[in-house]
Every structure is written in structure tokens, then in C-alpha cells.
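Note sheet for the following structure.
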Amino acid sequence: MAETYRKDQIAQLILGKLQRNFGRTAEQATTRHMCKACAMVLRDIMNANNIATDRLVQLGQQRQVHYLSMEFLMGRSLEKNAFNLGVLKPMKEAIRFLGFDPGEVFEAEPDAGLGNGGLGRLAACYLEAMTTLEIPATGYSICYELGIFKQKIVDGQQVELADNWLDVGDSWLISKPDEVEEIKFGGHIVDHWEGNVNRPEHVGYTSVLAVPRDMVIAGYNTEHTNVLRLWDAKSPTPVDMSLYSSGEYLKAVEQQAMAEVIAKVLYPDDNHYEGKSLRLRQQYFFVSATIQSITRKHRAQYGTLRNFHQKHVIQINDTHPALVVPELMRILLDEEGYDWDEAWSIVRQTVAYTNHTVLAEALERWPQDLFATLLPRIWDIVREIARRYQEELENHFGQGDGRVARMAIIWDGEVRMANLCIAACYAVNGVSALHSEILKHDVFADAYRLEPDKFKNVTNGIDHRRWLAEANPRLHALVCECLGDEGYLLHADKLRELEKFADDASVLERLGKIKAENKAEFAKYIETESGILLNTDAMFDVQVKRLHEYKRQLLNVLHIIYLYLHMKEDPHFDFQPRVFLFGAKAAPGYAVAKRIISLINSVATTVNNDPACKDRLQVAFLENYRVSLAEKLMPASELSEQISLAGKEASGTGNMKFMMNGALTIGTLDGANVEMHEQVGDDNIFIFGLTARGVSKLRETGYYASDYYMNDPDLKWIMKLLNDGFADGQNYNDLVRRLISGDGCPADEYMLLADFESYKVAHQRVSETYRDAKKWNRMSLINIARSNVFSADRSVRDYADIIWDLPYRK
Ligand code: 26Q
């Protein structure tokens with residue numbers, strides 16, 4: 001770093017911000033003022049770095065990455081940016097010097113919750129890693145006024161509250177009104193033929209303006225910066241009564257309404273597609289603004305778009321930004337006047353697609369009528385892409401072949417976004433080894449046979465600076481002491497050297513002590529926030545993630561009920577004390593998921609108030625699980641529940657955060673769990689349940705959940721309690737029906753009953769192991785040491801090597 005700051009300099013800068021922006025001295029300032037002032041100080045430093053970075057990238061004419069995602073789940077930035085800029089220590093001292101507590105100032109920052117879960121958090125980790133690796137990259141998304149809802153639990157049920165993050169969060173943003181783009185919706189296309197060249201004209205459309213609000217991203221120990229460009233929606237015309245007679249008045253009202261609603265709120269559906277017109281408008285809005293902005297800058301620098309693919313790679317985060325394909329075509333055809341083949345060739349060398357899910361209900365299939373009405377020119381282009389692709393497929397496979405129908409881009413009145421991406425992108429990747437294999441041999445098997453080289457794997461990773469060094473300072477200190485320096489921050493592979501201490505009794509003891517201290521700190525936080533007293537002598541057994549049936553929180557609950565029933569019946573039931581912690585948001589429209597939240601709370605009420613469970617069994621539902629809560633929880637966790645039905649979880653990234661913080665995993669061979677298992681071996685992880693292949697076979701031969709129920713007295717006992725109801729008077733016979741008889745759909749779709757026995761046995765192994773603290777800590781250390789491969793730096797290097805063909809900092 002060229003410039004470092006001392007405490008007194010930072011204090012001066014903060015005082016200046018307080019005075020100029022809020023007209024206050026430090027004595028008059030609130031914690032919130034202080035938080036905003038600190039953010040502004042760092043933003044100035046980063047802006048200066050950003051101007052320098054921009055100049056260098058332009059001069060070097062380097063190839064750039066554009067990472068398009070409907071979600072960036074950034075969380076908080078103040079402590080993170082200070083850490084990366086190397087000013088955390090002096091900034092904390094300055095805050096203290098000005099009479100504030102740094103911890104309280106950091107807590108005053110709201111999470112930037114511009115995402116649902118895994119896919120959004122991944123984008124945030126990758127932006128950090130790309131910056132640290134000095135790759136010229138820009139993230140693009142929407143500046144949602146309301147991020148993911150805040151969750152409250154009232155009488156055991158989820159209630160959603162609006163998340164107004166911008167109040168403090170906008171201290172990080174800088175508006176660039178001069179870089180505004182115009183986005184056109186609706187209307188229709190008039191063809192103008194010049195000889196045999198068509199010049200389509202878009203008429204009668206409604207405009208929305210896209211205004212950039214840029215968030216500068218700091219990398220660790222580098223002056224390189226990148227930008228997250230969040231597009232805000234504005235109306236182009238003020239509503240003016242004097243326009244009434246000209247017929248322009250209604251148009252203006254329409255434009256204003258259209259503009260105001262587009263950037264209003266993030267759709268809270270995770271892994272679930274709903275064909276809402278507003279969602280499609282959001283997608284086109286941010287994609288069109290982004291492509292216009294990139295091509296405008298490119299044209300200004302090079303005077304042509306003919307070399308566009310040599311200077312840019314566009315990575316799309318699932319199919320949500322798939323409209324880049326027809327939008328880039330539109331610009332090359334209609335604005336540059338290129339012919340179809342040249343335009344198509346540029347697009348095909350520029351765009352790469354990452355798939356994040358194999359769940360059928362998450363695949364985007366837009367009704368073609370909606371498409372045609374909302375985006376008439378884009379619809380024309382997609383139709384032509386689809387027509388040519390289909391012709392190609394028919395030439396290859398023959399007409400009427402089932403494969404042509406399966407691979408079609410437009411079929412049965414719907415536009416299939418995944419097929420559009422497969423046709424147009426030069427690379428398609430899955431997010432874990434298992435998931436990438438499933439894409440090749442199952443979901444996209446036809447396309448794989450056609451173009452096998454297009455299919456790649458890049459296993460997900462996490463920002464280990466945030467999730468280890470910053471979130472778990474005690475563990476960070478121990479790691480640095482063992483390794484001799486902080487080198488692992490830039491070279492995660494150095495974590496492997498920790499293994500030299502696998503049999504060092506004093507290191508193992510300290511590891512145990514750190515976990516105990518982190519548990520105590522977390523328990524204190526929960527007590528202040530919610531009044532719940534956690535038993536810190538018991539093992540912290542944690543499942544935190546979005547609530548989804550395939551993730552099987554319900555399997556965890558069935559097992560807890562099993563423990564409870566046995567403990568009540570037999571006071572001598574041999575049992576290792578546990579605290580079961582849950583955290584999960586349910587999509588507001590996902591009724592079954594909400595029922596499962598309610599069940600967890602009913603079980604918690606029952607168990608926690610039963611004297612038979614005192615000091616042995618406790619259940620807690622943590623309200624409003626989010627990035628900043630995860631940062632407190634991961635360091636305190638001992639057992640990580642990763643229990644999805646094999647083949648369903650594309651990767652998982654929470655699993656990696658737990659591992660890096662020394663929790664042991666109980667899990668199925670799903671997603672990245674498979675690679676975690678490969679890293680640590682059978683002895684250092686608790687694997688149970690069906691494999692992905694086993695699941696397929698069982699489905700083929702016929703899966704009968706009721707057989708498992710009939711043959712297992714424990715399952716019968718558990719279901720009886722669910723039917724009879726809990727201490728709070730709630731019963732869950734709807735969930736029982738879903739498991740045993742199906743309730744209109746196949747019974748137990750996610751095969752909980754098939755995996756129950758094996759899960760129970762794995763938990764017994766967990767308990768036995770936990771009794772031997774030294775053994776447990778040794779396993780924990782091995783997990784930490786071998787978590788190096790799950791650093792986002794490794795993932796980003798993989799993207800750079802395999803897909804982007806770009807150099808990076810060594
Ligand atoms: C699509 C259309 C309309 C409305 C919403 C959506 C939508 C929104 C979010 C569809 C899917 C998502 C989110 C998917 C997601 O988070 N997938 C997760 O991605 C992680 C990062 O790769 C993986 O680790 C997880 O396994 C995967 O579930």
C-alpha cells in the first residue's frame with residue numbers, strides 16, 4: 001500500500017466529515033453519524049484508488065470481466081473495507097479517541113441485503129476476490145430500495161418487514177447522473193427496408209432512465225479497486241398537467257409509475273421461478289443499462305465494436321441476466337449495422353453462463369406473449385436466434401427428434417432461458433464437481449453431447465478474509481501465530497501448514513478454548529438481542545440457510561423429536577448435551593416452508609420448557625438470519641448441518657464457512673460436501689444417507705415412504721407427536737401427510753424417511769466423538785487446514801484460467 005494512515009489523521013478526516021455533512025462535533029454526533037462519517041472517509045480513499053485503477057486499465061487495454069447478477073448480498077462494508085485497506089487498527093483507535101466504541105459503530109451499519117442467499121453472497125465474495133487478485137472487473141445489479149425482507153417471529157410464525165437499507169447504506173454509493181442510460185419498454189417495431197437491409201424502428205415505447213450508483217470495492221493489500229454498479233430507476237419526464245391536452249400526460253404518468261416500481265424491491269424467492277412481469281422488467285432494465293454502458297465506453301475508446309469480444313467477457317450469474325444475449329445482438333445489429341453472422345460471432349465469444357440449480361421449479365421459462373408485449377425488438381431477435389438454432393439442431397439430429405424439442409429455445413408458448421444461454425454462451429459451468437457432472441449427464445445431457453468442450457466446472461469458494469480473519473479474530477490470531485505471519489490472507493494454501501500442529505496438544509487446547517470463547521460471545525449477543533439464554537456447555541449444532549424442502553430442515557427436526565421422546569421416556573438415555581440452532585428465511589409465498597418454521601418454534605417451546613431436557617437439549621430459532629449474523633455465528637459453531645437430498649444442492653457455500661471456522665460437518669454427499677469429504681477423508685467428517693446415484697435408482701424402482709414409516713417404531717412415534725400436537729397447542733398433521741401419504745403430490749419428495757436411520761447413526765457417531773475433546777479439536781484443525789481449497793481466490797483463479805483467459809496477481 002502506497003499510503004498508510006495514522007490514528008490522528010483518520011480522526012481528523014472523520015471530524016471533517018461530521019462537520020461538513022451533519023454540522024456536528026464528535027460530542028454532538030450519534031453512533032449512526034459516526035458510522036456514516038467513517039464510511040465517507042474510506043470512500044474517499046477508495047475513490048482515489050479507483051480513478052488510478054481506471055486509468056491503468058484503460059491504458060493497458062486489458063480484457064475486463066463484467067459480472068452480471070440480479071443479486072449481490074454484500075452485507076456490511078465498514079470493517080471489511082478498513083481491513084482490506086490496512087487501516088482497521090488506526091480507524092478503531094480514532095473511533096475510540098473520538099469517544100465511541102468501534103464495535104457499536106460497526107453494528108450501526110445495516111446489511112446491504114441485495115440478495116436472497118447463496119447465489120447473491122457468492123457474487124459478493126467473487127467481487128472481493130477479483131479485486132484482491134487485481135482482475136479488472138465490474139459487478140452490475142439493481143439498486144433495490146428494499147433488500148431482502150427483515151424477518152420477525154411472532155407467535156412462532158414468520159412476519160416480513162421492509163428492509164430500508166439505503167438510509168446509512170448509501171454512504172458507500174456515488175451517483176453518476178452523467179452516465180445515465182435510457183431503457184425502452186413496450187411499443188412496437190416498424191421495419192424500414194433500405195434495399196434488403198432492415199432498419200427496425202422502435203415506436204410508442206415507454207422510457208425508464210437508469211442512473212448508476214457505484215459502490216467501490218477494496219481488495220486486500222492492493223490499490224486496485226473494482227466497482228459494483230447498481231442501477232437506479234428514474235422517470236425521464238416530470239408529470240406536467242400542461243401536457244394533458246397533447247395526450248402526453250398519461251404517457252408521463254405511465255413512465256413515472258413504471259420507473260418508480262422497477263428498483264423498488266428485490267424478489268424474495270430463492271431457487272424458485274415465478275413468471276411475474278415486473279421481474280422480467282427488472283431483468284431487462286439492468287441488462288440493457290449495463291450493455292449500453294459497456295458498449296458506449298468501448299466505442300469511445302476503440303471507435304468500433306468489432307474487437308468487443310477481445311476486450312470483454314460477460315459472466316452471467318444464472319439465467320437471470322440472459323437477456324444480455326439478445327440485447328448485445330440488438331446493439332450490434334441495429335446500432336452498429338453489423339450483419340447477423342458477425343454480430344452473433346461477437347456475442348458467442350463474449351458471454352459465459354454459470355448455472356446454480358438443477359431444481360425444475362427454479363428454471364426460468366417466460367410466457368412468450370409477455371415477452372413480445374414488453375420487449376418487442378428483443379422478442380424478434382430471440383425468435384431469430386431460436387429459429388436458427390432449431391435449424392441447426394434439425395440438421396444435426398433430424399427433424400422430429402426428441403432432442404430438438406428438449407433443446408428448443410422457444411417451445412409451447414414459452415421462452416426457455418437456460419436453453420438460450422446454452423446456445424449463445426461459449427462456456428457453461430456448474431458450481432461443484434458433482435453438480436457439473438449432473439449438468440452434463442442429466443439436465444443438459446443433449447447439449448453436452450453436441451458440444452462437450454463448452455461444459456466446465458468451477459467449484460464455489462468464499463472470501464476467507466471476511467469469513468475467517470475478520471469474523472473470527474481469535475482463530476485468525478492462532479493461525480498467524482502457528483504459521484509465523486499473515487501470509488495466508490493472500491495465499492490461502494498456506495493454511496495447509498496448520499496440519500503440522502495436528503498432534504500439538506497445546507495448539508489443540510487453544511483451538512478448543514477459542515471455540516468456547518466464541519460460543520460465550522455469541523450467547524451473550526443472543527441474550528441481549530432476544531433474551532434467550534443458550535447453554536454454552538452443550539454442543540452448538542447449527543443449520544442456517546434459506547428454508548427449502550430440499551435442504552431438509554425437517555429431517556433435522558424429526559431427529560430432534562426422536563431425541564426428545566427418548567429422553568423423556570428414559571431419564572438415563574445416553575446423550576451428549578446439544579443446542580440445536582436454526583436460522584432461515586422462507587419465501588413469503590412458500591406455505592410449506594413457513595409451516596416448517598412454525599414447527600421449529602413449536603418444538604423449541606416444547607423442549608425448552610420441559611424439565612426433562614434441562615441442560616441437555618435446547619432448540620433455538622434465530623430470527624432474521626443474514627450476513628452479519630452469520631459472521632457472529634460461524635465462529636461459535638461446532639457442528640454444521642448440510643443435509644440436503646443428494647443431487648439437489650448445487651454446491652452450498654455455508655458448508656465452507658463452517659469448515660473454515662473449525663466446525664465439523666454432518667452431511668450428505670451433495671454439492672461441495674463431496675469435495676470437502678475428499679479433502680478431509682472419512683475420519684474427519686460425518687457422512688450419511690443416499691448418494692445422488694442411490695436417489696436416482698430408488699426413484700426408478702419406486703420410492704414408498706410409507707414402508708419406512710411402517711417399519712420404524714421411532715418414525716411412528718415421531719409422527720404421532722406431530723399429529724397430536726405440541727406444548728403450544730399446534731399440530732402438524734399437514735406435514736405428516738406430506739411425508740407419508742403425499743397430500744396430492746408424491747409422498748416425501750425429498751426422501752427424509754429413507755435417510756432418517758442413517759442420519760440417526762451419524763449423529764450417534766458425532767456424540768461419541770465429541771466426548772473426546774482432543775480428538776474433536778484435532779478433526780477441527782484438519783478441517784481448517786484443508787479449507788484452503790474453498791477460498792474464493794481459488795475459484796476466481798479457476799474462472800480466470802478456464803473461462804476468462806485472464807492474468808491475475810500471483
Ligand atoms: C428466478 C426467477 C424469478 C424469480 C426468482 C428467481 C430466482 C432467484 C434466486 C432463482 C434462483 C435464485 C437463487 C438461487 C441460488 O441461490 N442458488 C444457490 O447458489 C449457490 C451459489 O452457487 C449454491 O451454493 C447453492 O447450492 C444454490 O442453491
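The values are calculated or read from the model by the stated rules, or taken from the named source; none is laboratory data. What you see is a predicted model; the values in this text were computed from it and never measured. Using ideal geometry, Cβ is built from the backbone for each residue, glycine included, and neighbour counts are taken over all protein chains shown. With ligands, DNA and RNA removed, areas are computed over all heavy atoms of the protein, side chains included. Shrake-Rupley method; radii C 1.70, N 1.55, O 1.52, S 1.80 Å.
Take the stretch 577-588 and flag every residue that is surrounded by fewer than 21 Cβ atoms within 10 Å (Cβ to Cβ) and within 20 Å of I718 (Cβ to Cβ).
Across the stretch 577-588, there are no qualifying residues.
When you scan the stretch 71-90, do you find a residue that is over 29 Å from I14 (Cβ atoms) and either touching a strand residue (DSSP E or B) at 6+ places or on another chain (Cβ under 8 Å) or aromatic (F, W, Y) (or both), even just one?
Yes, the stretch 71-90 contains at least one residue that is over 29 Å from I14 (Cβ atoms) and either touching a strand residue (DSSP E or B) at 6+ places or on another chain (Cβ under 8 Å) or aromatic (F, W, Y) (or both).
Is there a residue in the stretch 276-288 that is closer than 21 Å to G117 by Cβ and surrounded by fewer than 16 Cβ atoms within 10 Å (Cβ to Cβ)? Before the answer, list the steps.
Kept after step one, since they are closer than 21 Å to G117 by Cβ, are these residues of the stretch 276-288: 276, 278-279, 282-283, 286.
Next cut, surrounded by fewer than 16 Cβ atoms within 10 Å (Cβ to Cβ) only: 276, 278.
Yes, that holds for at least one residue.
If you take the residues in the stretch 489-513 that are free of Cβ contacts under 8 Å to residues at least 60 places away in the same chain and not in a loop (DSSP other than H, G, I, E, B), which one is farthest from the chain's Cα centre (by Cα)?
Of everything passing the filter in the stretch 489-513, S506 is farthest from the chain's Cα centre (by Cα).
Conditions (1) assigned to a helix (DSSP H, G or I); (2) farther than 14 Å from V557 by Cα; (3) touching a Leu at 6+ places or on another chain (Cβ under 7 Å); (4) open to solvent by less than 30 Å² (accessible area, probe 1.4 Å), marked per residue:
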position	(1), (2), (3), (4)
A604	yes, no, no, yes
D615	no, yes, no, no
A620	no, no, yes, yes
E623	no, yes, no, no
S628	yes, yes, no, yes
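List the strands (runs of 3 or more DSSP E) inside the stretch 145-215, counting only whole elements, that have at least 2 residues being under 21 Å from the mean Cα position of the chain (by Cα).
On the way: elements: 150-154, 157-161, 173-175, 181-185, 188-190, 201-203.
Passing ranges, in order: 150-154, 157-161.
Step by step: first the residues of the stretch 387-409, then only those that are open to solvent by less than 20 Å² (accessible area, probe 1.4 Å) and outside any helix (DSSP H, G or I), then the one that is nearest to the ligand (Cβ to nearest atom). Which residue is that?
I409
Among K648, K657, which is within 15 Å of the ligand (Cβ to nearest atom) and over 25 Å from D537 (Cβ atoms)? It would help to see each step written out before you state the result.
Working: K657 fails: over 25 Å from D537 (Cβ atoms).
Within the list K648, K657, the selection yields K648.
For the stretch 373-426, which positions are in contact with a strand residue (DSSP E or B) (Cβ under 8 Å, 6 or more places away or on another chain) and among the aromatic types (F, W, Y)? Please lay out each step first, then the result.
Applying the first criterion (in contact with a strand residue (DSSP E or B) (Cβ under 8 Å, 6 or more places away or on another chain)) to the stretch 373-426 yields 374-377, 380, 382-383, 386, 405, 408-410, 413-417, 421-422, 424-426.
Residue satisfying the conditions is Y426 alone.
Pick out, from the stretch 414-455, the helices (runs of 4 or more DSSP H) lying fully within it that include 3 or more residues that are within 16 Å of the ligand (Cβ to nearest atom). It would help to see each step written out before you state the result.
Details: elements: 417-424, 433-438, 445-450.
Helices (runs of 4 or more DSSP H) meeting the threshold: 417-424, 433-438.
Of the residues I438, I422, which single one is under 21 Å from V325 (Cα atoms) and of a type in the set (V, I, T)? Working first, answer last.
Working: I438 fails: under 21 Å from V325 (Cα atoms).
Being under 21 Å from V325 (Cα atoms) and of a type in the set (V, I, T) holds for just one of I438, I422, which is I422.
Here's the yes/no breakdown for (1) within 27 Å of R63 (Cβ to Cβ); (2) aliphatic (A, V, I, L, M); (3) surrounded by fewer than 22 Cβ atoms within 10 Å (Cβ to Cβ); (4) touching a Ser or Thr at 6+ places or on another chain (Cβ under 8 Å):
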site: V347; (1), (2), (3), (4): yes, yes, no, no
site: V358; (1), (2), (3), (4): no, yes, yes, no
site: R365; (1), (2), (3), (4): no, no, yes, no
site: L370; (1), (2), (3), (4): no, yes, yes, yes
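For the stretch 512-524, state whether one or more residues are out of contact with any helix residue (DSSP H, G or I) (no Cβ under 9 Å at 6 or more places or on another chain) and closer than 21 Å to A636 by Cβ.
Initially, the stretch 512-524 is screened for residues out of contact with any helix residue (DSSP H, G or I) (no Cβ under 9 Å at 6 or more places or on another chain), giving 516, 524.
When the remaining residues are screened for being closer than 21 Å to A636 by Cβ, the result is 516, 524.
Within the stretch 512-524, one or more residues are out of contact with any helix residue (DSSP H, G or I) (no Cβ under 9 Å at 6 or more places or on another chain) and closer than 21 Å to A636 by Cβ.
Closer than 23 Å to I262 by Cα, among the hydrophobic types (A, V, I, L, M, F, W, C) and in contact (Cβ under 8 Å) with a residue 24 or more places away in the chain: which single residue out of V180, V203 fits that description? Please lay out each step first, then the result.
Details: V203 fails: in contact (Cβ under 8 Å) with a residue 24 or more places away in the chain.
Checking each option against the conditions leaves just V180.
In the stretch 42-64, which residues are under 22 Å from G169 (Cα atoms) and touching a residue at least 40 places away in the same chain (Cβ under 8 Å)?
Passing the criteria: L42, R43, I45, M46, N47, N49, N50.
Taking the stretch 46-74 on its own, how many of its residues are surrounded by fewer than 23 Cβ atoms within 10 Å (Cβ to Cβ) and touching a helix residue (DSSP H, G or I) at 6+ places or on another chain (Cβ under 6 Å)?
Going through the stretch 46-74 one residue at a time, the tally reaches 1.
Each row is one residue, and each column tells you yes or no for (1) at positive phi; (2) at pLDDT 95 or above; (3) within 14 Å of the ligand (Cβ to nearest atom); (4) surrounded by 24 or more Cβ atoms within 10 Å (Cβ to Cβ).
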site	(1), (2), (3), (4)
A112	no, yes, no, yes
G118	no, yes, yes, yes
I135	no, yes, no, yes
T138	no, yes, no, no
S141	no, yes, yes, yes
G147	no, yes, yes, yes
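Can we say E327 is free of Cβ contacts under 8 Å to residues at least 40 places away in the same chain and either among the charged types (D, E, K, R) or in contact with a Leu (Cβ under 6 Å, 6 or more places away or on another chain) (or both)? Give the derivation first.
Working: free of Cβ contacts under 8 Å to residues at least 40 places away in the same chain: no; either among the charged types (D, E, K, R) or in contact with a Leu (Cβ under 6 Å, 6 or more places away or on another chain) (or both): yes.
Considered against the rule, which asks whether it is free of Cβ contacts under 8 Å to residues at least 40 places away in the same chain and either among the charged types (D, E, K, R) or in contact with a Leu (Cβ under 6 Å, 6 or more places away or on another chain) (or both), E327 comes out as no.
Here are some conditions: (1) touching a Phe, Trp or Tyr at 6+ places or on another chain (Cβ under 8 Å); (2) crowded, with 20+ Cβ neighbours inside 10 Å; (3) over 28 Å from N271 (Cβ atoms); (4) not polar (S, T, N, Q). E384 meets all but one. Which one does it not meet?
(2)
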